[in-house]
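Since the structure comes first, as structure tokens, the remarks are kept for the end.
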Amino acid sequence: MPGDDAVLRPASPSALTLELAYDDAPLRAAPGDTVSAALLRAGRVATGRSLKFRRPRGPFCLQGDCGTCLLRVDGEPNLRACTTRVRAGMQLQSQNRVLPRGPDPTALVDTVFAAGMDHHHFMVRPRLVNTIMQEVARNLAGLGTLPDAPSEPPAPPRHEAPQVLVVGAGPAGLAVLRRLRRAGLAAVCVERLDRDGARARCGDDDAEVRYDTAVFGLYPREHGGGVVAARVHDGDARGIVTFAPRHLVLATGTRDVIVPLRNNDLPGVLAARGLASLLRRTGDTLAVPGVVVGEGERATALARQLRLELLAPTAVEAVLGGARVEAIATREGRRELGVVALAGTPAPASELARQCGARVRWADAGFVVARDETGRAAADTWTTWACGEVCGVAERDAADDGERVAEALLAAIGRAP
Ligand code: FES
């Protein structure tokens, strides 16, 4: 049930049939929810504290990219709330907080060092003080505590050898998948989250997409592997799966970035795209007033989707609040709200391409993949192709780009029409 602090209003309160606990307080969720959706609905926006300044932390990107939503799940530390699916009886706990449900005395660090801390010179001498300080700092900086019990020995990874593995089920990745399917070529597509509710919208049309499956490493042959390793994080299906494809298509898109504003790290500051995607998936609506901060075509489209006013970053002087967003300060004065949705220029998610040996070049907000004219980015253990936003292609052109790269791939393996 949404409380007074709820950020999201559930599409169907009667669908919240699962009972969980967060910091020992009851929490309800719908089957298929992510933990972060359940927490936002209950108004529990803070999941921990930052290592250095002890500032409150909560979900930002809602898509598995930023790592600000780490919490303890059933005794296992450091799981991402935004990519972990709920289960009945799940015990969730915030991390790195001294008193999870009350004021945290370690937040004093933030007050005392409001102007920043030079940790290279702070308490370096005398040696005894430095030794004590190091010990305290190490304890403060620990990410969670050890798991309650040793984990079960992991199941051996499942192994598959598809001819083509597509990473990312955004517009470009899905276009590749559909074009290959039309040519009669079976490909596997993995996607770390059901990013845009595609699974619900498309049903069987995207039956080849393995959602909740995040690629975390590429192990080329010279390191004794020749596999793409992915972690499946969907309930009972959790485990590792490895793929040995002949062709790897990277349609990994972009990551949301923080817009520079004072206090832009408060819980309740969310990535506009991640929030819009979450609302599409769940059918929930915003239960608090909010604004989108950004500029340009993309920010305008996101503000329209979220039905929020768009403010330029220069119009916002600061985000205000203590443990969470309470207001923003603009030139016109203070404005009460519960959500600030940031819509900055996203950064290309080019890490996997770089692991494959692809060249990258700087463009706008990050490194885009520099591919050849056909879309080929590297040829090593696999032939690697890249398409869509990770190559600097605009979102609206990403599907066309995916189709074009799929044509080139088909031609390369002698399956051109
Ligand atoms: S990784 Fe979960 S909110 Fe960013």
Subset of segment 106-125, residues more than 29 Å from the chain's Cα centre (by Cα) and free of Cβ contacts under 8 Å to residues at least 40 places away in the same chain, comes to Thr111, Val112, Ala115, Asp118, His120, His121, Phe122, Met123, Val124, Arg125
Residues of segment 256-282 being assigned to a strand (DSSP E or B) and buried (at least 22 other Cβ atoms within 10 Å of the Cβ), in sequence order, are Val269, Leu270, Ala271
In segment 39-53, anything crowded, with 22+ Cβ neighbours inside 10 Å and either within 10 Å of the ligand (Cβ to nearest atom) or charged (D, E, K, R) (or both) is listed as Arg41, Arg44, Thr47, Arg49
Filtering segment 318-368 for residues that are in a strand (DSSP E or B) and within 27 Å of Cys69 (Cα to Cα) leaves a count of 21
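Residue-wise test of (1) assigned to a loop (DSSP other than H, G, I, E, B); (2) touching a Phe, Trp or Tyr at 6+ places or on another chain (Cβ under 8 Å); (3) modelled with pLDDT of 90 or more.
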residue: Asp5; (1), (2), (3): yes, no, no
residue: Arg28; (1), (2), (3): no, no, yes
residue: Val45; (1), (2), (3): yes, no, yes
residue: Cys61; (1), (2), (3): yes, no, yes
residue: Ala88; (1), (2), (3): yes, no, yes
In the set Arg72, Arg57, Arg87, the lone residue that is within 13 Å of the ligand (Cβ to nearest atom) and in the same structural domain as Ala137 (by TED's automatic domain parsing) is Arg57
Checked segment 401-417 for anything part of a helix (DSSP H, G or I) and either surrounded by fewer than 15 Cβ atoms within 10 Å (Cβ to Cβ) or not acidic (Asp, Glu) (or both); matches are Gly402, Arg404, Val405, Ala406, Ala408, Leu409, Leu410, Ala411, Ala412
Of the residues in segment 75-84, those that are in a loop (DSSP other than H, G, I, E, B) and either away from the ligand (no atom under 14 Å from the Cβ) or of a type in the set (Asp, Glu) (or both) come to Gly75
Scanning segment 289-319 for residues that are surrounded by fewer than 18 Cβ atoms within 10 Å (Cβ to Cβ) and among the β-branched types (Val, Ile, Thr), the one farthest from the ligand (Cβ to nearest atom) turns out to be Thr314
Filtering segment 113-134 down to residues that are surrounded by 10 or more Cβ atoms within 10 Å (Cβ to Cβ) and modelled with pLDDT of 75 or more yields Phe113, Phe122, Met123, Val124, Val129, Asn130, Thr131, Ile132, Met133, Gln134
Within segment 318-339, restricting to residues that are at pLDDT 95 or above and either charged (D, E, K, R) or in the same structural domain as Arg44 (by TED's automatic domain parsing) (or both), the one that is nearest to Leu62 (Cα to Cα) is Glu326
Checked segment 119-139 for anything in a loop (DSSP other than H, G, I, E, B) and under 14 Å from Leu51 (Cα atoms); matches are His119
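The values are calculated or read from the model by the stated rules, or taken from the named source; none is laboratory data. Source: prediction; values computed, not measured. Cβ coordinates were reconstructed from backbone atoms using ideal geometry, including for glycine residues, and neighbour counts include every protein chain displayed.
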